[in-house]
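Okay, structure first, notes after.
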Amino acid sequence: IVTAMNVSEEGIEILQPYYFELFQDMRPFLEEYWATSFPIALVYLLLIFVGQNYMKARKGFNLQRPLILWSFCLAVFSILGAVRTWGHMGALLLRRSLKQTVCFSIYINNPIVKFWSCLFLLSKIIELGDTAFIILRKRPLIFVHWYHHSTVLVYTSFGYKNKVPSGGWFMTMNYGVHSIMYIYYTLRAAKVKSPTWLPMLITSLQLLQMFMGATISILTYIWRQEQGCHTTAEHFFWSLILYATYFILFAHFFHQTYIVPKVKAKTKSQ
């Protein structure tokens, strides 16, 4: 059972970490080799091109069982990450203030934050496997999918190295949305009927995540002069640009997927 601890003078400890969250810190290694994310992203994009060409003259593979296992494992991981990070950030928000939570750098040494932010970064590499399933099963690969996967990997590595202040909320929101998203992917792969409104809810939550991400970036930049609120124009620029483009792309996807078909159906019925 997680028990609340007395908040230290610096506000570092909010929740008691589990033993497995006290593992050897990989931060020095991941910070030193953060730029490796660029060649990984480039290889990822190259493999998309190679994979699609390879599959052109071939029938898509039936990967139902591997896909169920893949989605289920990512769902469990995301749920655990969401519970721990929301627990920490929520307690921090209640005990301190929104300003303290977006000025994230003073909490960077918290064991829970260190553990789950490390796994969060590594998971962005693992999640590239989502694209492999799409290509090998010959499913449509849309722009927002590969753009989002590749840029999130690079930006997460950049934010991890530079201890981007608002990174706590970026990570927490992502864990939360992915918890629901991968549960849906697991059900769909297993051909289990899920509520018709669930995919629309997931896209809506993704839009909300992008809007909140941009808002938090702006707030952090506004509060940058205050003590303990470390950020730079570079942090602000990249986070705002990425969240703005994500919002536009997901809004376009939402419109094309959920609004246009309803309008067409309504027009036909008339």
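Please treat every number below as a calculation from the coordinates, not as lab data. Every value quoted in this text rests on a predicted model; they were computed, and no experiment measured them. Virtual Cβ from ideal backbone geometry, glycine too; neighbours counted across all protein chains shown.
I want to make sure I understand the PRE zone here: with the label point 7 angstrom from the Cα of L93 toward its beta carbon, which residues in the stretch 99-137 have backbone N atoms less than 13 Å away?
Correct set: 99-102.
Between beta-carbons, use under 14 Å as the cut-off and find the net charge around A41, counting Lys and Arg +1, Asp and Glu -1. Write out the running numbers ahead of the final one.
Working: positive: K124; negative: E127.
Taking every Cβ under 14 Å from that of A41, the sum is 0.
Multiply the residue separation of R188 and C73 by 0.36 nm, subtract the distance between their alpha-carbon atoms, and state the gained length in nm to one decimal. Write out the running numbers ahead of the final one.
Numbers: separation 115, 0.36 × 115 = 41.40 nm, distance 1.45 nm.
My answer for the length gained is 40.0 nm.
Using Cβ counts within 10 Å as a stand-in for footprinting exposure, how do E234, E21 rank, fewest first?
Ascending number of Cβ neighbours within 10 Å: E234, E21.
What is the order of D130, D25, fewest Cβ neighbours within 10 Å to most?
The most exposed by this proxy come first: D25, D130.
Using the 2.2 N^0.38 Å rule of thumb for compact globular proteins, work out how the stretch 159-220 stacks up: its C-alpha Rg over that value, please.
Relative to the 2.2 N^0.38 Å estimate, the stretch 159-220 comes out at 1.36.
Could you compute the net charge surrounding K191? Neighbours are other residues with a C-beta less than 14 Å from the C-beta of K191; K and R count +1, D and E count -1. Before the final figure, lay out the partial values.
Numbers: positive: R65, R137, R188, K193; negative: none.
Counting the neighbours of K191, the net charge comes to +4.
Excluding I134 itself, calculate the net charge of residues whose Cβ lies under 14 Å from the Cβ of I134, where each Lys or Arg counts +1 and each Asp or Glu counts -1.
+2
With +1 on the Cβ of every Lys and Arg and -1 on the Cβ of every Asp and Glu, and nothing else charged, how large is the dipole of the chain about its Cα centre, in debye rounded to the nearest 20?
Its charge dipole is roughly 1700 debye.
With the Cα gyration tensor of the stretch 159-264 in hand, give its eigenvalues times 5 under a square root as the equivalent ellipsoid semi-axes, listed largest first in whole angstrom.
Ellipsoid half-lengths, sorted descending, are 32, 16, 9 Å.
Starting from the Cα of R58, step 7 Å toward the Cβ, then list every residue of the stretch 137-174 with an amide N under 19 Å from that point.
Backbone N within reach: 137-141.
Consider a paramagnetic label point 7 Å from the Cα of E234 along Cα→Cβ; state which residues of the stretch 122-164 have an amide N under 17 Å from it.
Hits in the stretch 122-164 for E234 at 17 Å: 154-164.
By counting other Cβ atoms within 10 Å of each Cβ, how are F247, F120 ranked from fewest to most?
Values: F247 18, F120 24.
Placing the least packed residue first, the sequence is F247, F120.
How much of the calculated P(r) for the chain lies past 23 Å, in percent of all Cα pairs?
Beyond 23 Å sits 57 percent of the P(r) for the chain.
For the stretch 100-161, state which trypsin sites (Lys or Arg not before Pro) are in a DSSP loop and have at most 16 other beta carbons lying within 10 Å of their beta carbon.
Counting only loop positions with at most 16 other Cβ atoms within 10 Å, the trypsin sites (Lys or Arg not before Pro) in the stretch 100-161 are R137, K138.
Using only DSSP helix segments of four residues or longer, with each worth -39500 (n - 2.57), what per-residue ellipticity at 222 nm results for the chain after dividing by its residue count and rounding to 500?
Estimated from H runs of four or more residues: -23000 deg cm²/dmol.
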